[in-house]
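Asks: Sharing a structure, written as structure tokens. Questions coming.
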Amino acid sequence: MSMGPQIDPVETSVVMPPRTTVVVIGGGIVGLSTALTLAERGVPVVVLEKGRIAAEQSSRNLGWVRKVMRSIPDLPMAIEAERMWAEMPARVGSDCGFRHSGITYVSRTQEEMAKHEGWLETVKGAGLDSRMLSRREIEEMVPGGTVDWVGGITTPSDGRAEPQLASSAIARAAMAKGAVIIENCAVRTLVQTGGAVTGVVTEHGEIACDHVVLAGGVWSRRFLANHGVELLTLPLVAAVLRTEPFEGPADCAVGASNFSFRKRLDGGYTITQRGALFAPLTLDHLMIGMNYLPVLKAEWKNLRVSFGKEFFADLGLPRRWKADGTSPFEKVRTMSPAINHALNKEAMHNLIEAWPVFAKAKIAQEWGGMIDVTPDSLPVIGGVKKLPNLTLATGFSGHGFGTGPAAGHLVADLVMGDKPLIDPTPYRLERFRA
């Protein structure tokens with residue numbers, strides 16, 4: 001098991017109220033953003049986190065806030081999220097590290113350029129500041145490179161925020177506005193009355209409520225399966241490293257086919273092997289993998305599949321349990337995948353080959369982060385017909401941090417029956433059955 005990044009600590013509550021209006025399961029950025037939005041509207045809300053807030057993917061991601069090359073159905077949310085990130089310091093009273101530093105993708109081949117040009121053509125009416133780049137413009141923007149790039153695409157209004165600061169700041173703001181956040185309190189099951197959800201059973205007792213939001217990340221599939229609802233998500237692991245502060249080539253985030261980097265608030269860089277994800281097989285891969293065949297055909301070369309201890313560790317966690325029995329969420333408080341040093345080595349090798357200045361960088365920390373991926377890489381946001389009064393906010397497929405503030409706003413709208421921030425149709429759970 002690996003240690004995750006150091007999260008800005010937050011003092012949460014230890015007193016669990018017997019009743020509230022909305023219970024949010026999961027203290028990651030989406031759950032916390034939902035709670036903040038509800039609290040701002042004067043709605044009583046309790047966030048229940050099985051471990052520590054943001055200890056899983058919400059603190060382990062790359063920190064990109066991206067519209068460039070965003071999936072078209074997901075673009076409205078990305079646009080709203082970027083606006084909300086810019087307003088975040090005034091909203092939460094502290095700096096989450098958000099900077100409009102831009103995000104640039106560089107291309108080695110005409111095929112990659114064609115994809116960028118095709119996307120740019122598709123989003124022409126969206127009012128974005130995205131534009132194509134020549135090799136000379138890349139050199140001016142990110143000097144010191146040795147690769148003869150064919151070109152690239154950039155969105156100057158894109159940016160980055162700090163995952164180890166942001167969720168904590170959002171949590172503090174939510175609590176200041178009346179939200180209750182309780183750590184080390186796993187939700188075991190939903191309480192149902194007359195077929196509708198009317199509360200939750202936790203390891204420390206029951207809370208009655210009018211509505212439940214499930215923002216459980218990689219754990220949501222297992223939680224729902226215990227209630228007879230199938231959620232199509234599979235786990236993949238991203239290998240990430242950060243460097244100590246040093247003078248790098250640029251402030252903007254840069255993605256190539258086999259690496260990416262972005263400047264951090266502390267002066268270092270966050271780096272990953274963008275062309276590869278680690279796929280330790282679990283039982284779920286065998287059970288629902290067929291739903292992923294189209295994406296597997298397209299992305300097979302980007303997956304490093306392994307069969308080993310992760311399979312048996314997953315197999316050892318219960319898939320069915322009762323309200324008075326120990327849940328898997330109590331057995332594993334924090335999903336902390338093993339560090340894939342080989343992928344991080346690849347990332348540094350590929351990056352140094354392109355920008356030799358990174359040979360001076362000293363690695364300060366490495367970690368693994370587990371991503372919950374849906375077959376179309378879009379999240380699931382919306383209700384569950386079988387479980388009235390339950391709203392899902394999960395399956396963000398590695399994009400949850402960047403869109404988190406807007407996702408939380410949308411979830412709050414759906415829970416309260418308000419006009420939704422954006423059209424939620426692309427995110428319906430039922431789309432997979434269709």
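The values are calculated or read from the model by the stated rules, or taken from the named source; none is laboratory data. Here the structure is a predicted model, which means the values were calculated and not measured. Note that each Cβ is placed from the backbone with ideal geometry, even for glycine, and that neighbours are counted across all protein chains shown. Side chains are part of the model used for accessible areas, which takes the heavy atoms of the whole protein and leaves out ligands, DNA and RNA. Shrake-Rupley method; radii C 1.70, N 1.55, O 1.52, S 1.80 Å.
Asks: So what are the radius of gyration and Dmax for the Cα set of the chain, in Å?
Replies: In Å, with Rg to one decimal and Dmax whole: 21.0, 66.
Asks: With the dipole of the chain worked out from charges on the C-beta (+1 for Lys and Arg, -1 for Asp and Glu) around the Cα centre, which of Gln6, Trp367, Leu128 lies farthest toward the positive end?
Replies: Trp367
Asks: Continuing with this model, one more query. Suppose every K and R has +1 on its Cβ and every D and E has -1 on its Cβ; what is the size of the dipole of the chain about the Cα centre, in Debye to the nearest 20?
Replies: 660
Asks: Let me understand the range 145-278 better: what is its radius of gyration from the alpha carbons, and its Dmax, in angstrom?
Replies: Here Rg and the maximum Cα pair distance are 21.2, 66 Å.
Asks: Give, as a single signed number, the net charge of other residues whose beta carbon lies under 12 Å from the beta carbon of Gly144, with Lys and Arg counted +1 and Asp and Glu -1.
Replies: Value of the local net charge: -2.
Asks: Here's something else I'd like to know. Sketch the reach of a paramagnetic label on Glu430 as a point 7 Å from Cα along Cα-to-Cβ, and name the residues of the range 388-415 whose backbone nitrogen lies under 14 Å away.
Replies: 388
Asks: Considering the options Gly145, Val197, Ala174, tell which one lies farthest towards the positive end of the dipole of the range 135-199, charges being +1 on Lys and Arg and -1 on Asp and Glu at the Cβ, about the Cα centre.
Replies: Val197
Asks: Out of residues 5 or more away from Ser260 or on other chains, whose amide H comes under 5 Å of its own, with H placed 1.01 Å from N in the peptide plane?
Replies: So Ser260 has HN proximity to Thr272, Arg274.
Asks: With angles folded into 0 to 90 degrees, how steeply does helix 75-92 sit against the dominant principal axis of the chain? Use alpha carbons for both and round to 10.
Replies: Helix 75-92 sits roughly 80 degrees off the main axis of the chain.
Asks: Could I ask something else about it? Nearest 10 degrees, 0 to 90: what angle lies between the long axis of helix 163-176 and the longest principal axis of the chain (Cα atoms)?
Replies: Once rounded, one gets 40 degrees.
Asks: Angle check, please: helix 341-354 long axis (alpha carbons) against the longest principal axis of the chain (alpha carbons), in degrees 0 to 90, nearest 10.
Replies: Its long axis makes an angle of about 30 degrees.
Asks: Let me cross-check Asp129: its accessible surface, 1.4 Å probe, with only protein heavy atoms counted, in Å² to the nearest 10?
Replies: Spelled out: Asp129, probe radius 1.4 Å, area about 60 Å².
Asks: Would you mind working out the accessible area per residue for the range 19-432, using a 1.4 Å probe, and quoting it in Å²?
Replies: 38
Asks: Ignoring any ligand, DNA or RNA, what whole percent of the accessible area of the chain comes from carbon and sulfur when the probe is 1.4 angstrom?
Replies: 56
Asks: Suppose we flag GluC sites (Glu not before Pro) only when DSSP calls them loop and at most 16 other Cβ atoms lie within 10 Å. Which is the longest uninterrupted stretch of the chain?
Replies: 12-202
Asks: For the full complex of protein chains and a 1.4 angstrom probe, list Met370, Met88, Met287 by accessible area with the highest value first.
Replies: Met287, Met370, Met88
Asks: OK, next. What whole-number volume per residue, in cubic angstrom, does the convex hull of the C-alpha atoms of the range 39-100 give?
Replies: 144
Asks: Let me check I've understood the local charge: for Met348, count other residues with C-beta under 14 angstrom from its C-beta, Lys and Arg +1, Asp and Glu -1. What total comes out?
Replies: +1
Asks: Further question on the same structure: Taking springs between alpha-carbon atoms closer than 10 angstrom, which of Met132, Met175, Met77 fluctuates most in the Gaussian network model of the chain?
Replies: Highest fluctuation of the listed residues: Met132.
Asks: Could you pull out every one of the aspartates and glutamates with an alpha carbon less than 18 Å from that of Lys331, ignoring same-chain neighbours closer than 8 positions?
Replies: Excluding near neighbours in sequence, the set is Glu49, Glu56, Glu183, Glu203, Glu310, Asp314.
Asks: Within 13 Å, Cβ to Cβ, of Leu293, how many net charges do the neighbouring residues add up to if Lys/Arg are +1 and Asp/Glu are -1?
Replies: Spelling it out: positives minus negatives among the neighbours equals -1.
Asks: Cα centroid distance between the range 50-104 and the range 365-388, in Å?
Replies: Measuring centre to centre over Cα atoms gives 16 Å.
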